[in-house]
Amino acid sequence: MSRYIVRTYKVPVPRELYPLCSELNRLAGRIYNKTMSLVKKVKSKKGFWLSPGAAQKYILRWSSTIDIHTHSKQAIVQQYFQALNSYFTAVKTNPQLRPPHKKKRFMPFIWKDTAIKLSPEGVLKLSMGSSQKPILIQTTLPAGTTIRQVRLVYEAEKYYLHLAKHQITDILHKITSNFLGICAQRKIATIMIGDVTNIRERVEGNDNFNQKVHQWCFRKMVDMITYKAQLLGIQVCPVCGSKNHAVGRNYECKSCGFSYHRDGVGAINIWQRYLGKKFQVVAGLAPVRGVRFKPHLCGHGVSNAPWKAA
């Protein structure tokens, strides 16, 4: 009996193919969902499970306008039936289980060996059907490597890192909002924040303690407190002291009729708190003009889209 070794290689996808990768995985999810819907509908109306062959014939006719390789469509249908077979096996010991039912917005797109070619120069050629140009990816795979299947995957590690960052940001928002709510209740007009500049270089501790210090989101928390405190100041009219919610970028007091740009109102209130007294606001102040800072436009050419052909 002959033996062979199966290896999985992860090949980075060029940046210019990222939009195509997302679209292909979206199409794969669409075909998977249609297969699942078809099988469930036949089961509920006719009382039997549709066979893989019959499902493939229907899906190929239904997806005739989707311009991808036919064998890729078949591979996606087979993915559903693999999950369904796993359900048939597991339901014998746990009758409470349900067959595959969750819709997928995205799924790894699959190429079978009939749509894969590897040139002697290491260029991976993935067929997209007869009417589209193939996808070309430069690899370091040795010549003569037999490739049985290629999947278009999104690395889970970077996804969960992205998810954790959002969770941390959510926690910081809740902490700072609660803190400023307490300040507003107690009528605290001045917030003092300690200076922790170079604290990472000054503290000494074990690895666990140093890791906590380096992961401390101090500056991010200070920035949140700063802009949220300014928003609290924006709600107070600098003329009569009544509270009003700004609509859009403009602030208008319903009590005295004072109207001005919301950022200008916040600046006036901060200045009045600093002086400890109110001053007469001149009517017809100059309009505020500027460009809003958009940090997501400052990526410096770095992208976190971790597409891989595996």
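The values are calculated or read from the model by the stated rules, or taken from the named source; none is laboratory data. What you are looking at is a predicted structure, and each value in this text was computed from that prediction instead of being measured. Because the Cβ atoms are built from the backbone with ideal geometry, glycine has one as well, and the counts that use them run over all protein chains shown.
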Per the filter on region 107-154, residues more than 30 Å from the chain's Cα centre (by Cα), within 14 Å of residue 71 (Cβ to Cβ) and in a loop (DSSP other than H, G, I, E, B) are 129, 130, 147, 148
Residue match in region 4-27 (condition: aromatic (Phe, Trp, Tyr), more than 30 Å from residue 122 (Cα to Cα) and either at pLDDT 90 or above or more than 32 Å from the chain's Cα centre (by Cα) (or both)):
no
Picking from 107, 128, the residue that is closer than 27 Å to residue 40 by Cβ and among the aliphatic types (A, V, I, L, M) would be 107
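Here is a yes/no grid of residues against (1) touching a strand residue (DSSP E or B) at 6+ places or on another chain (Cβ under 9 Å); (2) touching a residue at least 60 places away in the same chain (Cβ under 8 Å); (3) surrounded by 15 or more Cβ atoms within 10 Å (Cβ to Cβ); (4) of a type in the set (Val, Ile, Thr):
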| site | (1), (2), (3), (4) |
| --- | --- |
| 33 | no, yes, yes, no |
| 41 | no, no, no, no |
| 53 | no, no, no, no |
| 65 | no, no, no, yes |
| 85 | no, no, no, no |
| 93 | no, no, no, yes |
Note on region 230-242: residues at pLDDT 75 or above and surrounded by fewer than 20 Cβ atoms within 10 Å (Cβ to Cβ) are 239, 240
Subset of region 183-196, residues exposed (fewer than 10 other Cβ atoms within 10 Å of the Cβ) and either at negative phi or touching a strand residue (DSSP E or B) at 6+ places or on another chain (Cβ under 7 Å) (or both), comes to 185, 186, 190, 192, 194, 195
